[in-house]
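Asker: One structure, pasted below without further comment.
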Amino acid sequence: MHALSTRPEPTPTPTDETRVIEFDDDAFGNVLAAIHSETAREILLSVRDEPLTASEIADRVDTSVQNASYHLQKLVDAELVRVCDNVYSEKGCEMKCYRAVDTALLLTTESR
């Protein structure tokens, strides 16, 4: 049974933007740290096509909610994932829905 009483419709926002991050930018390290683990990469892929709550993500990637939340925060901090909505469980608890940021990412060692 699905825990959510309401589900936000996926709202893809295609963009032609490319986020360029240079090697000496702090964001470069944040991105690499955020996607370092296989679990984090699985989480990023799971929220690419539809918004999911932390508990749904944990179920999909076979990890604990705490571990999923840890990786989600790193992905949000690296601006690879965003909170796209808040939904309520059948018990009335507010939960965040996460979705991958729809922007191309270019990591480079060259300066612009």
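Asker: Of the residues V76, V31, V20, only one is in contact with a helix residue (DSSP H, G or I) (Cβ under 9 Å, 6 or more places away or on another chain) and modelled with pLDDT of 85 or more; which?
Answerer: Exactly one residue qualifies, and that residue is V76.
Asker: Looking at (1) out of contact with any Cys (no Cβ under 7 Å at 6 or more places or on another chain); (2) at pLDDT below 95, which is the one condition that is false for C84?
Answerer: For C84, the failing item is (1).
Asker: Restricting attention to the range 44-72, and to residues there that are touching a strand residue (DSSP E or B) at 6+ places or on another chain (Cβ under 8 Å) and of a type in the set (V, I, T), which single residue is farthest from L107 (Cα to Cα)?
Answerer: T53
Asker: Among the residues of the range 79-111, which ones are farther than 18 Å from R41 by Cβ, touching a helix residue (DSSP H, G or I) at 6+ places or on another chain (Cβ under 9 Å) and free of Cβ contacts under 8 Å to residues at least 24 places away in the same chain?
Answerer: Scanning the range 79-111 gives a single hit, V83.
The values are calculated or read from the model by the stated rules, or taken from the named source; none is laboratory data. What you are looking at is a predicted structure, and each value in this text was computed from that prediction instead of being measured. Here the Cβ is made from the backbone with ideal geometry for all residues, glycine too, and neighbour counts use every protein chain on show.
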